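Colleague: I'd like to ask you about the structure that follows.
Nothing in this text is a laboratory measurement; each read-out follows from the coordinates by a stated rule. No experiment lies behind these values; they were computed from the predicted model shown. As a convention, Cβ positions derive from the backbone with ideal geometry for all residues, glycine included, and neighbour counts pool all protein chains shown.
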Amino acid sequence: VITQGEFFTQEQTATPGMRELVERLKDNYKTALASNNNALAFQPFNQKFGLSSMFDFLLVSGEVGVKKPDLAYFKKLVEMTGSKPSDIIFFDDDAGNVEAAKKAGFKAVVFKNAEQCKEALKAMGIKV
């Protein structure tokens, strides 16, 4: 949700407002990017958008051998961050991934845009 555009057929562009939101959240909370990209495709994507410096954790399916919506992917995210599932708030633009995250014990929301993301976080008591 940091970028928009179909990965293989369109130029990827930054999702308006998301970098600023993540940077504000990073002051008080752990942040993680959960990506279903393969490892080779992710590297130029990471360089273009500076994702390594933007997030505390990067979980790239191509590097760990499992992808969303597999529950094992969410378990890896819990292990990587050292967080309890109930403490993780997960946003994804795919409703199937959101449902799987809920099954894993996360609070999860289908992502639409940065403003909706901010409002959902505020509703959960998160300072943004």
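Colleague: Can you spot the lysines whose alpha carbon is less than 29 Å from residue 107's alpha carbon? Ignore those fewer than 8 places along the same chain.
Modeller: Filter leaves 26, 30, 67, 68, 75, 76, 84, 118, 122, 127.
Colleague: Grab the beta carbon distance between residue 41 and residue 103, set R0 = 25 Å, and tell me the FRET efficiency rounded to 0.05.
Modeller: Taking R0 as 25 Å, the efficiency between residue 41 and residue 103 is 0.35.
Colleague: How high is the relative contact order of the chain, in percent, with contacts defined as C-alpha pairs under 8 Å that are six or more residues apart?
Modeller: Normalised by residue count, the contact order of the chain is 22 percent.
Colleague: Working from the pairwise distances between different alpha carbons, so that the mean of 1/r is found and then inverted, what is region 43-108's Kirkwood radius in Å?
Modeller: 12.5 Å is the Kirkwood radius here.
Colleague: Obtain the nm distance between the two label points defined at residue 128 and residue 86 by a simple spin-label model: each point lies 7 Å from its Cα along the Cα-to-C-beta direction.
Modeller: 2.4 nm
Colleague: State the three equivalent ellipsoid semi-axes of the chain, derived from the C-alpha gyration tensor as the square roots of 5 times its eigenvalues, in descending order and whole Å.
Modeller: Gyration-tensor ellipsoid for the chain: 20, 18, 14 Å.
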